[in-house]
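Enquirer: Following this message is one structure expressed as C-alpha cells.
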Amino acid sequence: MIRVLIAEDSASVKAYLEYLIKSADDMEVVAVVSNGEEAVRLTCELKPDVVAMDIHMPVMDGYNATRCIMSQCPTPVVIVSSLIHGSDARETFRIMEVGAVAAVPKPPGPGSAHAQQEAETFIRTLREMAGVKVSKPTVVAPPVIVHAVAKKVSDYRLVVIGSSTGGPVALQTLLRELSADFPLPIVVVQHISVGFIAGMVKWLSQSCALPISVANAGETVQAGRVYFAPDGAHLGINRQGVLSLNYDPPFHSVRPAVSYLFGSTAQNYGKKAIGVMLTGMGRDGAQEMLAMKNTGAVTLVQDQASCVVYGMPGAAAQLGVGDYHLPPAKIGLQLVALAAK
C-alpha cells in the first residue's frame, strides 16, 4: 500500500482529499494535519511514501515545511495548490526549488464538470511520485547577466528539450548556465499539470538570463529565446523555424508530447539540431531522439545520478542515444560549447 500524509488546513478539502485517497485500492492515509509544523514532525515519525502538501497553512507554510522535510527526512512532496493561474503559481515553483517533486491543482468538488478528471490526476500523481528518489536540493544562485555580443554563426540552428518529473528544477539549473548572448533558439516540452505552465515560465524568468515564453502557433523562433509548449497541444517546428500547435490525440498518454517535438526536429533540422532529454517518467521522446541522432543531431541525456526519475533519459540511453550523459548544469555548459562551434 502507498502511505500518504495529507497537509491541508481547510476542513472540507482535507475530507475530500482523504476520501479520494481512501477510494484508491492501493493507497492509505497515515495522517491528516492542518499545518506545516505537524507535517514535518509526522513525516519524520511515520515515514509516508508521499506527502500531499498545501501551500498556505498556519504555523508553518508549505514552502518551509517542504524545506524542513527535505533537510530532516527527505520524502516525496506533491504540492496540491489552488494557485495555478498567473503570478500566484510561482509560489508552487519556489517549493519545487526546495525539493517538491510535482504539483497538481486542488481537485474541485464532485459538483464540478472536471471533478473526475482532476481527481484522477491527483491520485495518479501521488501514485507516480510515491517512493521516487529525493534529496536536499542545491541552492540556485541568481544568474549572471551578460550583455549580448557579436559571435560567429553556429553550425547548429536549434536546441530542443524534453522533460517531465523533476524537470522544472532541472530546467532552471540548465538554463541559468546560458548567458543572454546564447545564439540558438530553445524549444521545450515539459510535462506538467494543466494550469501551471504560465507560472513556471514566470518563475524561470526570475533566475535565467534568456527571455522565456509560452509558444504561439505561427511564431517564428528567435536566437537566444526559450519557448515552452502550451497546455493541451503538441508543439512542432518546421524548416523555417515556425512553431505549430497540433491537437491530435496524446502520445505516451501526454499532450504536449516530447515525441512530437523531437519528431518534427528530426525531420526538419537533421544535423543542425541539438536534442536534450531531462529527468522524467516513461518513454516519451526516446524513439524520436534516436531518429534525431540518426539524422546527425547531437544528443545530450541527463545522467542517472542527477535524475529524480530516470525513465525518459534511461529509455533514450537504452536505445544508444546520448553523445553526452551529464547533470543539468553541465548540460548547460555543454550547450554553450556546442553553440560556439
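Enquirer: Read through the list (1) at pLDDT below 95; (2) open to solvent by less than 40 Å² (accessible area, probe 1.4 Å); (3) among the hydroxyl-bearing types (Ser, Thr, Tyr); (4) in contact with a Ser or Thr (Cβ under 8 Å, 6 or more places away or on another chain), then give the number of the only condition that SER154 fails.
Expert: (4)
Enquirer: Taking interchain pairs and intrachain pairs at least six residues apart, which have beta carbon atoms under 7 angstrom, with the first residue in the stretch 227-239 and modelled with pLDDT under 95 and the second open to solvent by 10 Å² or more (accessible area, probe 1.4 Å) and not in a loop (DSSP other than H, G, I, E, B)?
Expert: Listed pairs, sorted by first residue: ASP231/ILE197.
Enquirer: Only one of (1) among the hydrophobic types (A, V, I, L, M, F, W, C); (2) within 17 Å of VAL309 (Cα to Cα); (3) modelled with pLDDT of 95 or more is not met by ILE192, so which one is it?
Expert: If we test ILE192 against (1) among the hydrophobic types (A, V, I, L, M, F, W, C); (2) within 17 Å of VAL309 (Cα to Cα); (3) modelled with pLDDT of 95 or more, just (3) comes out false.
Enquirer: Here is a further query. Checking the conditions here, which among ALA103, ALA89, ALA119 is assigned to a strand (DSSP E or B) and not aromatic (Phe, Trp, Tyr)?
Expert: ALA103
Enquirer: Of these, THR295, THR279, which one is open to solvent by less than 40 Å² (accessible area, probe 1.4 Å) and of a type in the set (Ser, Thr, Tyr)?
Expert: Being open to solvent by less than 40 Å² (accessible area, probe 1.4 Å) and of a type in the set (Ser, Thr, Tyr) holds for just one of THR295, THR279, which is THR279.
Enquirer: Among (1) more than 27 Å from SER207 (Cβ to Cβ); (2) crowded, with 21+ Cβ neighbours inside 10 Å; (3) modelled with pLDDT of 95 or more, which single condition is PRO107 missing?
Expert: Result: PRO107 passes all but (3).
Enquirer: Still on this structure, I have one more. Could you go through the stretch 305-320 and let me know if any residue there is hydroxyl-bearing (Ser, Thr, Tyr) and within 16 Å of the chain's Cα centre (by Cα).
Expert: So far as the stretch 305-320 goes, yes, one or more of its residues are hydroxyl-bearing (Ser, Thr, Tyr) and within 16 Å of the chain's Cα centre (by Cα).
Enquirer: Let me ask something additional. Among residues belonging to the stretch 110-131 that are among the hydrophobic types (A, V, I, L, M, F, W, C) and farther than 20 Å from VAL29 by Cα, point out the one that is most open to solvent (accessible area, probe 1.4 Å).
Expert: ALA113
Enquirer: Which fully enclosed strands (runs of 3 or more DSSP E) of the stretch 171-247 have 3 or more residues being open to solvent by less than 10 Å² (accessible area, probe 1.4 Å)?
Expert: 186-190, 226-228, 234-237
Enquirer: Name the helices (runs of 4 or more DSSP H) wholly inside the stretch 1-80 in which the number of residues that are without any contact (Cβ under 8 Å) to a residue 24 or more places away in the chain and open to solvent by less than 50 Å² (accessible area, probe 1.4 Å) is 1 or more.
Expert: Correct list: 11-23.
Enquirer: Report, by residue number, each residue of the stretch 298-328 that is assigned to a helix (DSSP H, G or I) and open to solvent by 40 Å² or more (accessible area, probe 1.4 Å).
Expert: GLN304, ALA305, SER306, GLN318, listed by residue number.
Here is a yes/no grid of residues against (1) touching an Asp or Glu at 6+ places or on another chain (Cβ under 8 Å); (2) among the basic types (Lys, Arg):
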site: VAL242; (1), (2): yes, no
site: SER253; (1), (2): no, no
site: ARG283; (1), (2): no, yes
site: ALA316; (1), (2): no, no
site: GLY332; (1), (2): yes, no
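Enquirer: If you go through the stretch 282-292, how many residues are of a type in the set (Gly, Ala, Ser) and open to solvent by less than 10 Å² (accessible area, probe 1.4 Å)?
Expert: Counting residues in the stretch 282-292 that are of a type in the set (Gly, Ala, Ser) and open to solvent by less than 10 Å² (accessible area, probe 1.4 Å) gives 2.
Enquirer: For the stretch 248-271, give me the residue count where each residue is in a helix (DSSP H, G or I) and surrounded by fewer than 17 Cβ atoms within 10 Å (Cβ to Cβ).
Expert: 3
Enquirer: Mind listing whichever residues of the stretch 274-289 are of a type outside the set (S, T, N, Q) and more than 13 Å from the chain's Cα centre (by Cα)?
Expert: ILE274, GLY275, VAL276, GLY282, ARG283, ASP284, GLY285, ALA286, GLU288, MET289
The values are calculated or read from the model by the stated rules, or taken from the named source; none is laboratory data. None of the values given here were measured: they were computed from a predicted structure. When we count neighbours, we look across all protein chains shown, and the Cβ atoms used for this are built from the backbone with ideal geometry, even at glycine. Keep in mind that these areas ignore ligands, DNA and RNA; they rest on the heavy atoms of the full protein, side chains included. Shrake-Rupley method; radii C 1.70, N 1.55, O 1.52, S 1.80 Å.
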